[in-house]
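Input: a single structure, listed below in structure tokens.
What follows is calculated from the coordinates using simple rules that are stated; it is not laboratory data. Everything quoted here is computed from the prediction, not taken from an experiment. Here the Cβ is made from the backbone with ideal geometry for all residues, glycine too, and neighbour counts use every protein chain on show.
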Amino acid sequence: MEAATMAWTAAVVGVGLVYWFVWVMGAAEVKGKRAVDLKMGSITRDKVQDKYTQYWSFFRRPKETATTAASAEKVPDFVDTFYNLVTDIYEWGWGQSFHFSPSLPGRSHREATRVHEERVVDLLGAKPGHRLLDVGCGVGGPMRAIAAHSGSNVVGITINDYQVNRARAHNRKAGLDSRCEVVCGNFLSMPFPDASFDGAYSIEATCHAPRLQDVYGEVFRVLKPGGLYVSYEWVTTSLYRAEDPDHVDCIQGIERGDALPGLRRQDEIASIAKEVGFEVLKEQDLALPPALPWWTRLKMGRIAYWRNSLVVRVLTMLRIAPKGVSEVHEMLFETAQHLTKGGETGIFTPMHMVLLRKPAASATATEEAK
């Protein structure tokens, strides 16, 4: 009798733990994605492992991914693959805003994220009636925050079709689908007319471009004369030393695990912006003091990591999640360690902010080109 009771007790506890870890655990920010819902974007279940292997093979030496025109042309496709692989895991464990933000005393991560996004509204001077472009919108977390805070209409572009569908669903749920539009496309060649936006922003997205000139040039083209553009860039800082093996390992770890064809230097950004015609109004590393560490949220405890890893492995074993999810989860965990080290050593920042303006004089050039 006692053995039977113990067996039933163990079974109930086991079921309770599975229920807690798998069904109760939702996304970090908004419970819009649960562990049992993990997919790999638009990749079919039987192709996940192969796609992950192809991705890892392409980005294993980040600096070599864009050294030739042929390899640079492949980057957008592999960035698309990356977001098929990671989007659901990001939503499950991070939320709908795929970016970092400085920690704020007494404020939650969600609140700090929202403040970081709403800063864009202030920098652009966005207001009702404005049409803004979100360059690399992901599943639309920043888009919704910025539209709600400013009253502007926002058009987001992402290369990943799965993210388009996720963003549209979130927009409808938030009641913002009338002011938030999402387009599937490559920000290196955007499907928008010249001078069609009042302002534009990109939050940790243009780092995926092999050449920053190309994406900045496209933003310049679609902005109206006098329009403002603010970008939060991933860059190495002046503290980075290319001759230091630890520094190189850290930065390459960030690049490999985030589909980056090579991080740019902090001191390159303004000159690239000027090269395509922008005026540089402001430049600031938002990660520097008095800002509190942005990487605090990444310092996941070992218990939390093994809990999430266990959930993923169990779901894979039960064939609820496709084979290959465990490898992707492990890749992201290792990348988080590199990001944390980059932040702690100060050799990397994900929030080098530049505020740019398309000169009003560009109106003449635009007319002449027509």
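Whole-Hz Karplus values for the stretch 93-104 come out as x, 10, x, 8, 10, 8, 7, 9, 7, x, 5, 10 Hz, taken residue by residue from phi with 6.51 cos²θ - 1.76 cosθ + 1.60 and θ = phi - 60°; glycine and proline positions read x. Label positions at Glu275 and Arg307, each projected 7 Å from the Cα along the C-beta direction, are separated by 4.6 nm. For trypsin sites (Lys or Arg not before Pro), the sites in the stretch 199-274 that DSSP calls loop and that have at most 16 other Cβ atoms within 10 Å are Arg211, Arg241. Over all other residues within a Cβ to Cβ distance under 15 Å of Glu118, the charged ones net out to +2, with Lys and Arg as +1 and Asp and Glu as -1. Using C-alpha pairs below 8 Å separated by at least 6 residues, the relative contact order for the stretch 195-247 is 48 percent. Seen from Met331, the other residues with C-beta closer than 11 Å to its C-beta sum to a net charge of -3, counting Lys and Arg as +1 and Asp and Glu as -1. Amide H contacts under 5 Å for Val230: Ala200, Tyr201, Ser202, Leu356, restricted to partners 5 or more places along the chain or on a different chain, H placed in the peptide plane at 1.01 Å from N.
Pairs of Cα atoms nearer than 8 Å and 6+ residues apart set the relative contact order; for the stretch 47-358 it is 22 percent. Centre-to-centre, using Cα atoms only, the stretch 114-131 and the stretch 145-169 are separated by 14 Å. Backbone geometry of the stretch 75-90 corresponds, through the Karplus equation with coefficients 6.51, -1.76 and 1.60 at θ = phi - 60°, to 3J(HN,Hα) couplings of 4, x, 5, 6, 5, 4, 4, 4, 6, 5, 6, 10, 4, 5, 5, 4 Hz, x marking Gly and Pro.
Couplings 3J(HN,Hα) of the stretch 152-162, computed from phi: 7, 8, 10, 10, x, 10, 9, 7, 9, 5, 4 Hz, in residue order, whole Hz [Karplus 6.51 cos²θ - 1.76 cosθ + 1.60, θ = phi - 60°; x for Gly and Pro].
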